[in-house]
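Engineer: I'd like to ask you about the structure that follows.
The values are calculated or read from the model by the stated rules, or taken from the named source; none is laboratory data. Note that the coordinates shown come from a computational prediction; the quantities given were computed from them, not determined experimentally. Cβ: placed from backbone, ideal geometry, glycine included. Neighbour counts: every protein chain shown.
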Ligand code: SF4
């Protein structure tokens, strides 16, 4: 073990990855060094996810995995979302943990380190100011956090209890981060928050997201792609749609988790239940840009989900033909409002419903992908696999969507035109085009569809 070293494992979503990056920066700025080898590190840190039971099980397993190899001079720290409201569970299941720090205090990592060194005990320091920079890089892309927390209290979700209410970052700090990412050569900035469309709501601002995006574009003119993730139904304004559809550097892509399509079910979920708004808004997006890429996520097996309600969801997916869909089985979380309904749908039924929806979506995804055969797409190259380049087009957010495999030679981090010749269920295969060969209708995205 070497003094003033740390090993950090980040679990959960992109927002957690950004927090992990900020913890890493705080530590390196004060003389600590990251090591990929846990046996070398003085501090073993796990940034946990506590969103659902499966995530908490993974966190316990990860912490105990490190604990089993932990030397007597090493400190094991559990931080993040699970540590915020399930610290007792961590203490019980992971007795080797030396320090716990919830997500709302996560940037007080140095206080925790000092305390465990002095006392070797579990503490929960008070919250400290949030760092001015909040982004994480993933090769040529980056996630940039614009806000944290959530005040919507959907009945199945523990995030508001874990993270607290919305806190939007000051515009100047976000813009400064975007400029830093531009200076570092980043080609794609993904804007994230629990709910990006709520940006500014805590300061009394209405529909502040489009203005923020425009300012980012202005301040960082050499970042070719800006992508918006995690929009909330009912809060996607016409201004936002115009920007996504028209701006040459804002991708015509939106991730809008809808969770269900039956109005009664949406009411039980405490979500907006106006499904017509969804239909009209998606029609508007496709009207403004026919190949607008829309991603959504859904929950199957929410308490008392009837056959009729499930069928409504199935028919809705068949009707809407989203480009990308994720479906998750309902996870019973005792601290959420939906716990009062119990967990009434058997796991086998939940799994069967997830499988039915995903099978349907597979055929829709293939059908949409086939429309791109013979078309040209700009692709951000991320690496090579089995002799092919691979990367993503405007239709693919990092980690969650498809991949475009590319025949030809190009450097990682470049955006190159590719003519698609093969459509798979989720991915595409194409050939790199020479300069001037691409037939692009809208710069940076795709040929006419
Ligand atoms: S919008 Fe709903 S599902 Fe999303 S983080 Fe907030 S409470 Fe959870």
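Engineer: Where in the stretch 151-265 are there strands (runs of 3 or more DSSP E), lying fully within it, with 1 or more residues that are touching a residue at least 60 places away in the same chain (Cβ under 8 Å), crowded, with 22+ Cβ neighbours inside 10 Å and within 16 Å of the ligand (Cβ to nearest atom)? Give the steps one after another, and end with the answer.
Structural biologist: Details: elements: 188-192, 225-228, 250-255.
Once the strands (runs of 3 or more DSSP E) in the stretch 151-265 are filtered for at least 1 residues that are touching a residue at least 60 places away in the same chain (Cβ under 8 Å), crowded, with 22+ Cβ neighbours inside 10 Å and within 16 Å of the ligand (Cβ to nearest atom), what remains is 188-192, 250-255.
Engineer: Quick one: which residue in 100, 106, 113, 146 is surrounded by 23 or more Cβ atoms within 10 Å (Cβ to Cβ), at pLDDT 95 or above and touching a strand residue (DSSP E or B) at 6+ places or on another chain (Cβ under 7 Å)?
Structural biologist: The match here is 146.
Engineer: Restricting the stretch 266-284 to residues that are within 13 Å of the ligand (Cβ to nearest atom) and assigned to a loop (DSSP other than H, G, I, E, B), which is surrounded by the fewest Cβ atoms within 10 Å (Cβ to Cβ)?
Structural biologist: Residues of the stretch 266-284 within 13 Å of the ligand (Cβ to nearest atom): 266, 269-272.
With assigned to a loop (DSSP other than H, G, I, E, B) added as a condition, the list becomes 269-272.
On the way: 269: 22, 270: 16, 271: 22, 272: 19.
Residue satisfying both the conditions and the ranking: 270.
Engineer: Name the residue that is nearest to residue 271 (Cα to Cα), counting only residues in the stretch 139-150 that are assigned to a loop (DSSP other than H, G, I, E, B) and more than 10 Å from the ligand (Cβ to nearest atom).
Structural biologist: Taking the stretch 139-150 and keeping what is assigned to a loop (DSSP other than H, G, I, E, B), we get 139-140, 146, 149-150.
If we keep only those that are more than 10 Å from the ligand (Cβ to nearest atom) too, we end up with 139-140, 146.
Working: 139: 35, 140: 35, 146: 22 Å.
Applying the filter and picking the extreme gives 146.
Engineer: Do you know which residues across the stretch 329-345 are free of Cβ contacts under 8 Å to residues at least 40 places away in the same chain and either outside any helix (DSSP H, G or I) or over 23 Å from residue 158 (Cβ atoms) (or both)?
Structural biologist: Scanning the stretch 329-345 gives 329, 334, 342.
Engineer: Whether any residue in the stretch 344-351 is farther than 29 Å from residue 187 by Cβ, touching a helix residue (DSSP H, G or I) at 6+ places or on another chain (Cβ under 7 Å) and buried (at least 18 other Cβ atoms within 10 Å of the Cβ) is what I want to check. Explain how you work it out, then say what you get.
Structural biologist: At the first step, the residues of the stretch 344-351 found to be farther than 29 Å from residue 187 by Cβ are 344-351.
From what's left, touching a helix residue (DSSP H, G or I) at 6+ places or on another chain (Cβ under 7 Å): none.
Checking the stretch 344-351: not a single residue is farther than 29 Å from residue 187 by Cβ, touching a helix residue (DSSP H, G or I) at 6+ places or on another chain (Cβ under 7 Å) and buried (at least 18 other Cβ atoms within 10 Å of the Cβ).
Engineer: Please enumerate the residues belonging to the stretch 359-382 that are surrounded by fewer than 15 Cβ atoms within 10 Å (Cβ to Cβ) and under 21 Å from the mean Cα position of the chain (by Cα). Reasoning before the result, please.
Structural biologist: Initial filter on the stretch 359-382 (surrounded by fewer than 15 Cβ atoms within 10 Å (Cβ to Cβ)): 359, 362-363, 366-367, 370-371, 373-374.
Hits for the stretch 359-382: nothing passes.
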